[in-house]
Structure formats: structure tokens, C-alpha cells
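Q: Pasting in a structure now, in C-alpha cells, and then I'll have a few things to ask.
The values are calculated or read from the model by the stated rules, or taken from the named source; none is laboratory data. All values reported here derive from a predicted model rather than from experimental measurement. Note that we place each Cβ from the backbone using ideal geometry, even for glycine, and neighbour counts take in every protein chain shown. Remember, those area values only see protein heavy atoms, side chains included, never the ligands or the DNA or RNA. Shrake-Rupley method; radii C 1.70, N 1.55, O 1.52, S 1.80 Å.
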Amino acid sequence: MATFKKKGGNRTPAISTASLPDIVFMLLFFFMVATTMKEVDLKVRTSLPEATEIKKLEDKANVSYIYVGPPQKKYWAKLGKEPLIQLNDQFAELNDIAPFIEGERELRDPSNVPKMTTALKADSETKMGIITDIKQELRKVNALKLNYTTRQKNE
Amino acid sequence: MARRPLQEINAGSMADIAFLLLIFFLVTTTMDTNKGMMRQLPPIVPPEEIKDTDVRERDVFVVLINRADQLLVEGSRMEISELREKTKEFFDNPTNNPNLSDRKSKEIEFFGTVDVSKGVVSLQNDRGTSYDKYIAVQNELVAAVNELRNDLSKRKFGKPFDDLDEPQQDAVQKYYPLAISEAEPKTYSK
């Protein structure tokens, strides 16, 4: 009757972690497929507007990106909160756009230049003034294919 | 030589390696949206080459957006929810309303000689219009044309526009061209 349980005699067995790598690999593959490498370090906030009639941007090699939006919080003290343009990794002015597009063209094969598209990633709260100015700059350098990058809206 | 039983490789650290990779991908990648509305900008025309085009008033569907994001369509206030239907009606003009777009006959593959709308949408915005509204209006206009194209494809070929092959798509696009003209920017407000 007076029996002492042997120490550790009836413990639940340790949970097997053998399938943990599989689960993590599954997550890893999901992220590898669903995401893309960061092209630039975003210095402006671009919460994109929503639209329904959108097409996927094919041929990503021939796309140059222009970001427009209010600067991130850490730049507020220096630059204010008004929307700014970002090209590559830095803030830019309107008249930097033409040299930027020319530079992008020089990087590409000449046969691909007509296929080049400019993707405008602008914050939805931006005013049209700056957008119109950018459009005018693009027209001046004859970069006429423009993509207003938007998110998919669920109807 | 005595054969030792093969020892099992310890896979415990596999999870750590996988986590390391996972975190690397989480940090260096973004859920990038690479979708958007494709638009073609008009080339810049030197002022001396600008000609008066003979577009009649009834063929122009004027959409104005002011700085308070309000819409003025063909001279009257409109909510954005009505814009799509109105645009479709303008291009289609089923009742031959003399205030809506006129037609001209045009030879199109698959369709033969058909009457195609001469309508053009003229979109003008203020510098103070929000980008959000501008995209929403563009979206409605494109949606209107896409719906017309889809209806036509279903009537003619029995399937939606996206499932047609390229010559058929071209024909439908010629039937309903996406004619949105954006005015040269004017400054109303700073």
C-alpha cells in the first residue's frame, strides 16, 4: 500500500519537435514566394489608394519607381510633413526626375527603352498638384507609360 | 571491422537554421504591390503645332474634380457612385440622345462596319484634388469602358473580354476605345 511513486516515473513524454523544421520551412517558402526583395529604403509613407480595374505590372526589370508621400516621422523635424518625392534611396526635387529617367534608360538595353514603364507609388492623401507636376516632367522626357500603383479593392 | 549501427543525425538544430532563414526573408523583403492602373500620357506638343480639333461638344464628357474632391460631370454635381453608369450611357447612347456621344461608322475586324461612339472623356482636376479621389474617378471611368467591352465580348464571342484571344481583344478595344483625355494642367488654387 504505502508505495512511493518513483521519481519521474509517470511524466508525460517530451513533445516531439521533429516536425518543427517542416513547419518553419513551410513558412519560409510562403514568404519567399509571396514577397519581393526590397528595392529601396522607403523614406516617404506610401499608403496606396485602392482601385478595382488594375493590371499586374509585368516585366519588372523595365520599371522605374517614383515614390511620393509625406516623409516618415523621423524626417518631420527637418523636412516637414508635406509630400515629397523619393527617387531611388533619397529625397528628390521635381527637376531630378528627368535625369533620373535618363539614367534609368542608360541602364537598360536600348531595345527595351520603349517598353519602360514608370510606376508612381503615391500616398493616397497626396494632393494632385505634385502628381501633375511629376506627370509633366515625365512627358517632357517622353516617358509616357505610367502606372498608378494601387492596391486591389475588394468590392 | 565491427559494423556500428548508423547513428541518427540530430535534427534539433534544423529548426534554428530554418528560423534564421525565415527571419532573414522577413526583414529583407516586402509584400510589394505590383499592380496598378496603366495609363498612357500624351506626348508634349509644341504650342505652334496645336490645332483646333473638331470635336463637337456633345462628344465630350467633361469630368471636373475640384479641390474639395467634388465632381462636376457635364455641368452638374454628381456622386462618384453614379459616374460609372453615366459614362456607360454616354458611350453607348442607346436612345440616340443628341446630348450624348455621336457615332461614326468604322470598319472593325469580326464586326464588319459598325457605328462606334465618337465620345471622349475629358478629365480635369485641380491642384488641390486628392490623389485618392483622382484614382477613384479614373477607376470608375476605366471600369465603365471595361464593362462595355465585357458586355460586347459576351454578346459577340460568348465569353468575357479577358478570355478572348489577341485579335478579338483588339477588335473589341477598337469598338470601345479608352478615350480619356486629360487637360493640360491649369492652376486654380495653390
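Q: Only one residue in B:G128, B:G112 is of a type in the set (G, A, S), over 21 Å from the mean Cα position of the chain (by Cα) and more than 9 Å from chain A (Cβ to nearest Cβ). Which one?
A: Selected residue: B:G112, the only one of B:G128, B:G112 that is of a type in the set (G, A, S), over 21 Å from the mean Cα position of the chain (by Cα) and more than 9 Å from chain A (Cβ to nearest Cβ).
Q: Considering (1) at pLDDT below 90; (2) within 21 Å of the chain's Cα centre (by Cα), say which one A:F100 fails and leave the rest.
A: (1)
Q: I'd like the full set of residues that are part of a helix (DSSP H, G or I) and acidic (D, E), limited to segment B:146-176.
A: Looking only at segment B:146-176, we keep the residues that are part of a helix (DSSP H, G or I), and these are B:146-157, B:161-163, B:166-175.
B:E147, B:D151, B:D162, B:D163, B:E166, B:D170, listed by residue number.
Q: Would you say A:K73 is at pLDDT 85 or above and more than 10 Å from chain B (Cβ to nearest Cβ)?
A: Answer is yes for this residue.
Q: Quick check, is B:R58 in a helix (DSSP H, G or I) and either free of Cβ contacts under 8 Å to residues at least 12 places away in the same chain or more than 19 Å from the chain's Cα centre (by Cα) (or both)?
A: Numbers: in a helix (DSSP H, G or I): yes; either free of Cβ contacts under 8 Å to residues at least 12 places away in the same chain or more than 19 Å from the chain's Cα centre (by Cα) (or both): yes.
Judged against the criteria, B:R58 is a match.
Q: Same structure, new question: Under 7 Å by Cβ, and 6 or more places apart or on different chains, what pairs join a residue from segment B:5-27 that is at the interface with another protein chain (Cβ under 7 Å from one of its Cβ atoms) with one that is open to solvent by 60 Å² or more (accessible area, probe 1.4 Å) and in a helix (DSSP H, G or I)?
A: Between residues of segment B:5-27 that are at the interface with another protein chain (Cβ under 7 Å from one of its Cβ atoms) and residues that are open to solvent by 60 Å² or more (accessible area, probe 1.4 Å) and in a helix (DSSP H, G or I), the close pairs are B:A15/A:L20; B:L22/A:L27; B:F25/A:M32.
Q: Select, from A:S124, A:S64, the only residue that is touching a residue at least 24 places away in the same chain (Cβ under 8 Å), buried (at least 17 other Cβ atoms within 10 Å of the Cβ) and in a loop (DSSP other than H, G, I, E, B).
A: Going through A:S124, A:S64 in turn, the sole match is A:S124.
Q: Going through segment B:61-77 one residue at a time, which ones are under 19 Å from A:E53 (Cβ atoms) and either in a helix (DSSP H, G or I) or free of Cβ contacts under 8 Å to residues at least 60 places away in the same chain (or both)?
A: Listed by number, the list holds a single entry, B:V73.
Q: Provide a single number: the residues in segment B:103-147 that are open to solvent by 10 Å² or more (accessible area, probe 1.4 Å) and of a type in the set (V, I, T).
A: 4
Q: Give B:P43, B:P94 a once-over and let me know the one that is closer than 30 Å to B:E147 by Cβ, facing chain A (nearest Cβ under 10 Å) and without any contact (Cβ under 8 Å) to a residue 60 or more places away in the chain.
A: Details: B:P94 fails: facing chain A (nearest Cβ under 10 Å).
None of the others qualify; the one that does is B:P43.
Q: Test A:T117 against the stated conditions and say whether it is polar (S, T, N, Q) and facing chain B (nearest Cβ under 7 Å). Spell out the reasoning first.
A: On the way: polar (S, T, N, Q): yes; facing chain B (nearest Cβ under 7 Å): no.
When the stated conditions are applied, A:T117 does not pass them.
Q: Now for a separate question. Restricting the search to segment A:18-32, which residues are of a type outside the set (V, I, T), assigned to a helix (DSSP H, G or I) and more than 7 Å from chain B (Cβ to nearest Cβ)? Spell out how you get there, then give the answer.
A: Start the filter on segment A:18-32 by keeping residues that are of a type outside the set (V, I, T), which leaves A:18-22, A:25-32.
Keeping just the survivors that are assigned to a helix (DSSP H, G or I) gives A:20-22, A:25-32.
Matches in segment A:18-32: A:D22, A:M26, A:F29, A:F30.
Q: Now, a different point. Of all residues in segment B:122-134, which are in a strand (DSSP E or B) and in contact with a helix residue (DSSP H, G or I) (Cβ under 6 Å, 6 or more places away or on another chain)?
A: Filtering segment B:122-134 for residues in a strand (DSSP E or B) gives B:122-125, B:130.
B:N125 - this is the single residue of segment B:122-134 that is in a strand (DSSP E or B) and in contact with a helix residue (DSSP H, G or I) (Cβ under 6 Å, 6 or more places away or on another chain).
Q: Please pick out the residue among A:A98, A:A119 that is surrounded by 14 or more Cβ atoms within 10 Å (Cβ to Cβ) and part of a strand (DSSP E or B).
A: Details: A:A98 fails: part of a strand (DSSP E or B).
Exactly one of A:A98, A:A119 is surrounded by 14 or more Cβ atoms within 10 Å (Cβ to Cβ) and part of a strand (DSSP E or B), namely A:A119.
Q: Another question, then. In segment A:77-87, what residues are buried (at least 16 other Cβ atoms within 10 Å of the Cβ) and not hydrophobic (A, V, I, L, M, F, W, C)? Please lay out each step first, then the result.
A: As a first pass, look at segment A:77-87 and keep what is buried (at least 16 other Cβ atoms within 10 Å of the Cβ): A:83-87.
Once the filter is applied, which keeps residues that are buried (at least 16 other Cβ atoms within 10 Å of the Cβ) and not hydrophobic (A, V, I, L, M, F, W, C), segment A:77-87 yields A:P83, A:Q86.
Q: Also: Step by step: first the residues of segment B:79-102, then only those that are touching a helix residue (DSSP H, G or I) at 6+ places or on another chain (Cβ under 7 Å) and of a type in the set (A, V, I, L, M, F, W, C), then the one that is most open to solvent (accessible area, probe 1.4 Å). Which residue is that?
A: B:I80
Q: With the condition kept exactly as written, say whether any residue in segment A:33-47 is within 14 Å of another protein chain (Cβ to nearest Cβ), open to solvent by less than 100 Å² (accessible area, probe 1.4 Å), in contact (Cβ under 8 Å) with a residue 60 or more places away in the chain and in contact with a Lys or Arg (Cβ under 6 Å, 6 or more places away or on another chain).
A: yes
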